[in-house]
Every structure is written in C-alpha cells, then in structure tokens.
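Notes for the one structure printed next.
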Amino acid sequence: MSEVHSRRCSVTRFHFLPLIIFLVGLHAVEGIWPLPQTMTSSAERYSLDPQYFNFNYGRDSATQQGCSVLDAAFKRYFSIIFPDHISGNCALPFSEAKEYSLDVYVDQGDCESYPNSDSSEKYKLSVFAERAALNAETVWGALRGLETFSQLVYQDDFGIFFVNKTEIEDFPRFQFRGVLLDTSRHYLPVQVILKTLDAMSYSKFNVFHWHIVDDPSFPYQSRTFPGLSSKGAFHPMTHIYTQSDVRRVISYARLRGIRVLPEFDSPGHTQSWGKGQSDLLTPCYKGGIPSGTFGPVNPASASSYQFMARLFKEVSAVFPESYIHLGGDEVDVSCWKSNPDVQVFMQKMGFGNDFAKLESYYMENLVNITSALNKTSIVWQDVFEYHERRSSLSVVEVWREGCYLCEVRRVTKAGLKVILASPWYLDLPGPTHDWVRYYTVWPLAFKGTEEQKKLVIGGEVCMWGEYVDATNLSPRLWPRASAAAERLWSDEKQTSSVARAFSRLQDFRCKLLRRGIQAEPLFVGHCRHEYQGV
C-alpha cells in the first residue's frame, strides 16, 4: 500500500478502566444519508485514532498518489472525520492505539477529467478490523464511498472515534441529481456557492445547475460581450462573476464530483441582457409607435442569432459540461405581437399568427447553435409543449405544477429524456420545515413502458432567488434538499417510510451542522455539536 495521508500529534496517553465503557452512553451512527442500495453492519466496532489513521491507494489501483481528485479528497475527509483533531484536541483512547487504514482501489485511472453524464458512481465499501477497503470504477465513485465512510464514523462520550464492521454496495438510482441556484434575482457570493457545493457533496448531489442570469441582472462577465455585465449586473464590480470566479467554481465542483451546468435562458427572461446589448431585445409598440419598452429577444433579426452563436461559443469553452440549458420558458409574446417587423417576418415565414411557431423557430436555431458546439441542450417543458420538431430536442426539464407525471409520461412517450423539477421547488410558499413533501415523491409513478421510465434521467431541487440570498440560502436548502437527494439516489422501496427516514435525517442534519452547514431543524431536539463554529 502507498501511504498517502496520516496525522500525528503530541498527546498524553491515558489508560482508563475497561469498566468505564459500560458507564458511557454509546453513540452509534443512526445510518447513512442517502441510504445505500445494500448495507449490512454489526455491533462489532473498531476505535480510530487520528494519529494512526491513513488513507492509502491500493497497490492494484489504477490511481495512485498524485491523483488530484483523491489527494484533495483524502485531506478534506480527514478533517471531516476527525474535526476535534483539526482543532487541536486529539482523541484519548482507552488503550494503545492501532494503525487503521482506508485503502482505495479505482479501476479507471482518469484523475484529471471532469465528471460527465455517463460517469459511474458505483462503489463497494468493506469495513473490518485494522482496515477498510473502498473499491470503485472511477474516482467519482470513490468520492461517494469516502462520503459514506465519513458518515459511518462516530464518537462516544469521551470523544473516542469508532466505526462498526460494515459491508456496503452502492450506486445511484438516477444519474442526474441536481441543485439549481438562481444568481440573478439575488447575487450569491462565490464563497456561498462553494459552501453549497460542499453540502451538495455530503448529500451525493452531482449537478450544480447554475441559473446564472435572468431579467433582474446579468452577473456573468463575458469576455466576448463585456457590456452585458458592466451594464446589466446589479453592480459592475461587486456583483459579477469574473472568468476567474467561474473557473474557481468549476474546479471546486470537479473535486467533489459535481458537474456545473450553465443556463442562459432565452428568449424570455432577458431584460438585463438588453442593457448591454442593443438591438437584441424586441422593441414593443403601442398604437403603432414604439413604447420605449422591450420584450423578449428579437427572433426576426439575424443579428440575434449571430450574437447567440458568439455567446454560446464562449460559454461552451468556459464550461466543460456537455449539457447547456437553453431555458425557453415563460415567453410573453405580447411585445412580439405589437412589433410590425416581427409581424412581417411571421408572414414571410408562413407562420400566420401562430406565435408558438415563432418560439419554435427561435429555439430550433439555438438548439442547432449548441449542437454545432458539441453540446447537448436542455430546455424547460414549455419548449416541448410549443415546439413542432420535437425530434430535435434531447432533454426536457419538467417544472410546472399540476399533474407533472402526466407531462413526464408525454415527454418520454416522445422518446425524449426527462429531468423532474416540479415537486422540488423549495422556494414555493408553505411550511419551510416540511421535508416530507419532498421525500414522498415517486418519479416513475406514471403509466408507461420500461423504456419510457429509463428516459427519466433524474431530477433536481430548485431554489429560485426572489426571497433568497446569502443570509438565508443554507437553512432554506438544507436539510430539505437532502430529502430529494435520497429519493434520487436510493432504492424507492427501502426508503418509502417517512418514520424510518426521520431519525436518519435528524442525524444527518447534525452532521451538516458540525461540518459548517447551517441546516434548519426538522423538529424539537438538539445536536451534540450544534453551535460549534456558528
């Protein structure tokens, strides 16, 4: 084995009477969140001393020391597993400490790439005396296994660390498990985004859907079109994401096995775009004369598509993710109806007065632009509803309330992939503590063939920003988002009981607090370490 990571500190050794063990309330771990596919554990347990604990690369592992993803993860998870050690308070074992190692074996040695839609997250974890073994096909699966191991470790009343004998085989039920953050309606500082990425990795989310711009502001600083942020952001210096900021977010996410999916929503939701890009938006008319207001992107102008082609060329180079979200939702066509140039264009194209055909024409052009850049487009369900050439679409995100499973059925029947968001809008009114409504969601509970159900690639939690900024993001997201995370990762039959999930989620919420995530309480109770670092 190649020893990678261990810690030593100077500490006075104490030898307690064995009888004391029986006088102490033992704090075994409540369970793992999200619940693994198969897990067996016993009462047999092993003490861990941070001074004698090592992360190792297995001899036969395709990855070895120097693997950026796992080298960073070993350091990160050492601090997570042994928080007292980091603060200078070493554990005091009852007897002389023993060496303990977690040996990691990875089949594929690609450490410098980015996670993608086909990345395996499968892993196997075996915990026994003196060592544990973690086997994974990829480094991304190894990250999920390290998170699981970190949750298995617990402390007794003397602060001694333990882990029980355990066997786990695990993999996600759905490949796409996302969290959407809206950074237009309120700007979220980079540090807040990074903290959210940490919390996402603890719940095994793997996609950060960055709804980076919208009507209120355009914080993305484009190299090609710098005026978009200098004129469209809330503030051109303090409320923007520089190219360096974006690279930092992408790099931070990669080390946690998280893909960064950018969304540049158009033709609606683009009021902030027009401030820095003249002639992009449609001039609105009233009584046959310009009203001075503007509507969606002008679909009748060739320059609109030239602009989009240049912008998305830049975006595709900045974001390594193979998907790009094109939006396409909630287009108010009243301005298009009022504009004489748009009316002439519609007659020329043979659209008559069918503005759904105009929307479809615009989105078809954007899909083609992104396809030429070797990117796969995601669109909101509105596009599926008005788009004539559905075969050109790839992935549809279902977001509307009502019978969302009816929509999932329709989309999959058309042979398109689905991301489900409707039941996981965490910004909607209602009791903020009601995690159960997000847990009791059954994404495949629609009438359809097995082939249709395979087209549901996952879902995501959406946190829109009207009433959310850096002051309240974490408690609004966590641990409610974790309820959706388990639904997207775990076996549905094993996690159908809210009562059985409650104690595990309470325990997990306490872990989040100890890791610096300000997750709101589920109900009456307390955590042993709830105010450390707050």
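The values are calculated or read from the model by the stated rules, or taken from the named source; none is laboratory data. All of these numbers come straight from a predicted model, not from anything done at the bench. We place every Cβ from the backbone using ideal geometry, glycine too, and count neighbours over all the protein chains shown. SASA here: full protein model, heavy atoms, side chains in, ligands and nucleic acids out. Shrake-Rupley method; radii C 1.70, N 1.55, O 1.52, S 1.80 Å.
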Local charge sum around ILE193 (other residues, Cβ-Cβ under 11 Å, Lys/Arg +1, Asp/Glu -1)? 0
Along its principal axes, what span do the Cα atoms of region 374-444 show, with the longest given first and each in whole Å? 41, 23, 20
On a straight-distance basis, which aspartates and glutamates could pair with LYS122 in a cross-link, Cα separation under 17 angstrom, same-chain partners fewer than 8 positions away excluded? ASP103, ASP107, ASP110, GLU137, GLU147, GLU167, GLU169, ASP170, GLU486, ASP491
Ranked highest first by average number of other Cβ atoms within 10 Å, how do 362-370, 138-146 line up? 138-146, 362-370
GluC sites (Glu not before Pro) within region 397-430: which are DSSP loop residues with at most 11 other Cβ atoms inside 10 Å? GLU401
List the pairs from LYS231/LYS348; LYS75/LYS313; LYS286/LYS348 whose alpha-carbon separation is above 31 Å, in the order I gave them. LYS231/LYS348; LYS75/LYS313
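Based on the mean of other Cβ atoms within 10 Å per residue, sort peptides 448-454, 333-339 so the most packed one is first. Working shown, then result.
Numbers: 448-454: 13.0, 333-339: 18.6.
With the highest mean Cβ count within 10 Å placed first, the list reads 333-339, 448-454.
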Loop sites in region 464-520: chymotrypsin sites (Phe, Trp or Tyr not before Pro), DSSP, at most 14 other Cβ within 10 Å: TYR467
For region 296-422, what does the alpha-carbon gyration tensor say about shape, rounded, prolate or oblate, given a ≥ b ≥ c as the root eigenvalues, a/c under 1.5 as rounded, and a/b over b/c as prolate? oblate
With a 1.4 Å probe and every protein chain kept in, tell me what percent of the accessible surface of the chain is carbon plus sulfur. 52
Specify whether the C-alpha gyration tensor of the chain places it in the rounded, prolate or oblate class, a ≥ b ≥ c being the square roots of the eigenvalues: rounded for a/c under 1.5, otherwise prolate if a/b is larger than b/c and oblate if not. prolate
Between ALA43 and LYS453, with labels modelled 7 Å along Cα→Cβ, what's the label distance in nm to one decimal, could you check? 3.9
Quote the relative contact order of the chain in percent (integer), defining contacts as alpha-carbon pairs under 8 Å separated by 6+ residues. 14
Give the accessible surface of the chain per residue, rounded to a whole number of Å², with probe radius 1.4 Å and ligands, DNA and RNA excluded. 41
Rounded to the nearest 20 Debye, what is the dipole magnitude of the chain about its Cα centre when Lys and Arg each give +1 and Asp and Glu each give -1 at the C-beta? 120
0 to 90° range, to nearest 10: angle between helix 404-413 axis and the chain longest Cα axis: 80
For region 222-231, 3J(HN,Hα) per residue [Karplus equation, 6.51 cos²θ - 1.76 cosθ + 1.60, θ = phi - 60°, Hz, x = Gly/Pro]: 8, 6, 6, 10, x, x, 4, 8, 5, 10
Quick check: residue separation of ARG400 and THR471 times 0.36 nm, minus the Cα distance between them. What number comes out in nm? 22.8 nm
Loop-only trypsin sites (Lys or Arg not before Pro) in region 274-325, please: DSSP not H, G, I, E or B, and at most 13 other Cβ atoms within 10 Å. none
If the cut-off is a Cα-Cα distance under 26 Å, which lysines reach LYS413, setting aside same-chain residues fewer than 8 apart in sequence? LYS357, LYS375, LYS447, LYS453, LYS454, LYS493
Determine the distance separating the Cα centre of region 485-501 from the Cα centre of region 273-351; give it in Å without decimals. 43
Let me have the relative contact order for region 89-215, percent, based on Cα pairs under 8 Å that are six or more residues apart. 23
Taking 113-124, 409-420, 237-248 and ranking on average Cβ neighbours within 10 Å, highest first, one gets 409-420, 113-124, 237-248
